[in-house]
Amino acid sequence: MLTTSPARIAEPPSSHTQSQRGWRAVLLTSVGAVAGISMIPFVYLLVRASDKPFDEIVQLLLRQKTLEVLATTATLVICVVAINLVLGIAIASGLHFVHLPFRRLLVIPMVLPLAIPSYVFTYTWVALIPSFSGFAAAVFILSISTIPYIILATLAGLRSIDGSQIEVARSLGLNLPQTFLRVVFPQIRGHVSAGALLAGLYTMSDFGAVSLLNVETLTVSIQNMYRASYDRSAAAVISFVLIAFSILFVLADESIKGKSTQSQLLKSTSFKSPLIRKKYLRFGTTSIITAFALVAVILPFYVLLTRFFSNPVAIDWTSLATATISTVSVAALGAIIALVLSAPLGLLLSAGASRFTTVTNKIVVIAHALPGVVVGLALVSIGSKLGALYQTTFLLAFAYAILFLAKSVTSMSSSLARVPDGVKDVAATLGMNPWAVVKKVIAPIAAPGIGIGTILVFLTAMKELPATLMLRPTGFETLATQIWSSGSINRFNEAAPYALILVLVAAIPTFLISRPDKEDHSYLQESTGGPSERT
Amino acid sequence: MLGLVTSCSTSTNEQATNVTEMTIYSGRSEEFIAPFFADWQAATGIKLNVRYGDSAELSAQILEEGSNSPADLFLSQDAGSLGAISQAGLFTTLPSDVAADIPAAYVAANREWVGITGRARVFAYAPVRVKTLPASVTDLTKSIYKNQIGIAPTNASFQAFLAALIENKGSGFAKTWLEGLQANGVKIYLKNSAIVEAIDKGEISLGLVNHYYIWEVSESLGRAINVKNGFFAPSDLGNLINVSGAGVLQTSAKQKTAQDLINYLTSPAAQQKFVTDTHEYSLLDGALPPTDLPTLDKIGAPSLDLKNLSNIKATQDLLIQVGLL
């Protein structure tokens, strides 16, 4: 099924090895810099935590409350990820395999919840059901907020499967569930796991939904310690519990990915198996998709719209426009910085992981689980020493890049890994310089995936709140700060215009991600080399 | 010597005339304080760059910024946040002619911050459901209030009250009281307004809050609510008076301008505006109370020194210990 790429075996000529070495040194240095930047929050936490005497640290870690909060966080994350896996895979597979009316357009409402911040979801659901609160409510909100990650990841995996394998399996007598479990699932496991990791980390670091719903997770605990106490070292100690927990998660993802077969396989044909027309599958998929669209898109939109129109307070259009422009520009800058920072790491990771790049990658991913308030304070601590740079939109954008670098790196490295090694090597052998290889060979194949990563950073940055509050220029308001400053659920009417604009603006990149117009737009049409597998 | 003093005062005068803008970190919400800033801005022509946020979060931010803080003035909802900045040595001592009419009880002993408005701790309750009103905070651990009470342990005013309890009755007593509340099914909220909203919704019947939240919640809901303020028996610690206040950062190059703003906020006109617009207490002697409330000296507040309450560390350690933080 797989062929080893021949260029792997052939030694490239020595002159190229030399230029490649120089190129690699530049990349390694840049990755070192990125690692250093991602370490900023960890170093900050270490310094703060070390202010506390050792016995107090132990006491704090072992007290009943800490263990309870850890248990709550773990249960919440497991519930959310489990629901995500079941519904996300079901929805994505339905969209991919089943014959449905307006099949391509259906992707949009499935991904649109990415545009809605978890606290806006919470506000709208509390507006619908005043007694909406507690653990189950938090599982619900965080699930609808994060299922799109799994749907997107699963769809990406499904699209890279060669349809002829499915045909072969079917002709050998496997029924649909057997085909899915034995042929499809092993190939998408890596993608699904990456999506689950993002969903899990999002759940760990979420503050808005859980705090509004009265569920105390580690992030709420940390935030409360900062808010209520001037005891910043206790908050730092608890942050390490969160870090330890997210490391477990990253390792789990690692071991799942290790087992997945050929997730980096380049599809060598554009053959796609015909859509399934079985009635029960069409009915089942339609029901799930409708139900999800109803709770995650239609109802929240309905609430936002009714609140928007019933808002008795005159809308301040100038401040609405200013906040919109500020939000979009600073989030876009953040996404660009994240793209630049993730490029060297992505390139090295795609060329085969070394210990250095893997560790850096893990640091980046773990930093993603840190609450915004931690990254925010770390950058306040360093940024305030930078004079004029402090409290500028640039530093804020930079904070976004650190917070959400994982999203960019993950999609960058998996997209780049799709580029067959053979192609790169052949291009280099033919005398193309590394830059030309990137431009002419790598970029066309990897660009769509990298674009998705960048858009994800942009989307998440638009919704970010705690770091924004600390690092924004004084007087600079984003849509998120305006929504939050209304502060109370009762004042949600006043926040509604800002929430509505935030969702509408975020819907545009969400639309681009779901790309209903280009479902089979393959990075694969120009499949120049044979299929290759990353080892 | 005389020459030195003259040149000094000239330079401050110069500074005051040259200042065109000033940066304020405001823990007081924009909705309630912005009209005051607008008035001052209109009168002086000096532009105010205001960074709004939560008092404690802004205080954490100033502590993190240290001597690099861009803030000139810090306006806080509570004395605890001001005390934390003062203890870190980041405030400057205010001259005696700044906020001169604010009684000494509401000013830091070292004059590093001054009180701007007063807020009384009360219990907010639903008259329909609470038949027996508590006479003291210690009554709240009784079984008649089981599952009926709400508190906001992360809230600075609650912590100030707890600090008073520790100061007066010892930390053992305070710990027993908190554990008694927990055993009595106390419900935890993020902030005072959430407690009042919960009483209105019927989730709980009684909560420890500041006096002005019943107006705030009712105004934001746009309707009357079924919640009233109640005071404990005279001199009970539950009737503590807290202040919001302000201090000037030592690193500010605009000391005089910042002091001017404090003088404006403590002027009789501005103080009266606080009473009418935000339902807070004026700290000036003989000022009128907010509607339907007794004057500050008739509340039955415990006689204790607010300054002893600014060291909030012991309070928070206790809250962490019993698991409320």
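Remarks
- Antiparallel content of DSSP bridges confined to segment B:23-141, in %, to 5: 10
- Hz values of 3J(HN,Hα) by residue in segment A:504-511 - Karplus curve (6.51, -1.76, 1.60), Gly and Pro given as x: 5, 5, 5, 5, 5, x, 4, 4
- Ellipsoid fit via the Cα gyration tensor, chain B: semi-axes of 36, 21, 17 Å, each the root of five times an eigenvalue, largest first.
- Inter-chain shielding of B:49-59 (mean C-beta neighbours from other protein chains, 10 Å cut-off): 5
- Segment A:53-161: chymotrypsin sites (Phe, Trp or Tyr not before Pro) falling in loop per DSSP and having at most 16 other Cβ within 10 Å: A:Phe102
- Taking a sphere under 11 Å around the Cβ of A:Leu377 and counting the other residues whose Cβ falls inside, with K and R at +1 and D and E at -1, yields a net charge of -1.
- As a proxy for reagent exposure, A:Ile382, A:Ile116, A:Ile161 were ordered by neighbouring Cβ count within 10 angstrom, fewest first; the result is A:Ile382, A:Ile161, A:Ile116.
- For chain B, the longest site-free run once trypsin sites (Lys or Arg not before Pro) in DSSP loop states with at most 14 other Cβ atoms within 10 Å are removed: B:1-128
- Backbone amide hydrogens, once placed in the peptide plane, bring B:Phe91 within less than 5 Å of B:Gln250, excluding anything fewer than 5 places away on its chain.
- Dimensions in Å of the protein assembly as shown - Rg and Dmax from alpha carbons: 29.7, 105
- In segment B:66-144, chymotrypsin sites (Phe, Trp or Tyr not before Pro) in a DSSP loop with at most 13 other beta-carbon atoms within 10 Å: none
- Counting other Cβ atoms within 10 Å as a rough exposure proxy, the listed residues A:Ser485, B:Ser205, B:Ser136, A:Ser342 run B:Ser136, A:Ser485, B:Ser205, A:Ser342 from fewest neighbours to most.
- Euclidean distance of C-alpha centroids, segment A:282-355 and segment B:97-144, integer Å: 43
- Separation of alpha-carbon centers, segment A:184-243 and segment A:396-452, rounded to whole Å: 29
- Rounded to 5, the percent of DSSP beta bridges in the protein assembly as shown classed as antiparallel: 60
- Amide H contacts under 5 Å for B:Tyr52, placed H, 5+ residues apart: A:Gly475, B:Ser26
- Rounded to the nearest whole Hz, the Karplus-based 3J(HN,Hα) values (6.51 cos²θ - 1.76 cosθ + 1.60, θ = phi - 60°) of segment A:163-175 follow the sequence x, 5, 4, 5, 4, 4, 4, 5, 6, 7, x, 6, 7, with x at glycine and proline.
- Using alpha carbons only, the radius of gyration of segment A:131-257 set against its Kirkwood radius gives Rg/Rh = 1.15.
- Highest GNM mean-square fluctuation among B:Asn110, B:Asn155, B:Asn242, for chain B modelled with Cα contacts below 10 Å: B:Asn110.
- Along principal axes, Cα extents of segment B:81-207, largest first, whole Å: 51, 31, 24
- Phi-derived couplings, Karplus 6.51 cos²θ - 1.76 cosθ + 1.60 at θ = phi - 60°, listed residue by residue for segment B:237-243: 4, x, 9, 3, 9, 9, 10 Hz, with x used for Gly and Pro.
- Average beta carbon contacts from partner chains per residue of B:142-155, 10 Å cutoff: 1
- Working from Cα pairs under 8 Å separated by at least six residues, relative contact order for segment B:8-157 is 20 percent.
- Residue order, fewest to most beta carbons within 10 Å, for A:Glu254, A:Glu216: A:Glu254, A:Glu216
All of the numbers you see were taken from the coordinates with simple rules; none came from a lab. All figures in this text were calculated on a predicted structure; none of them were measured in a lab. Cβ: placed from backbone, ideal geometry, glycine included. Neighbour counts: every protein chain shown.
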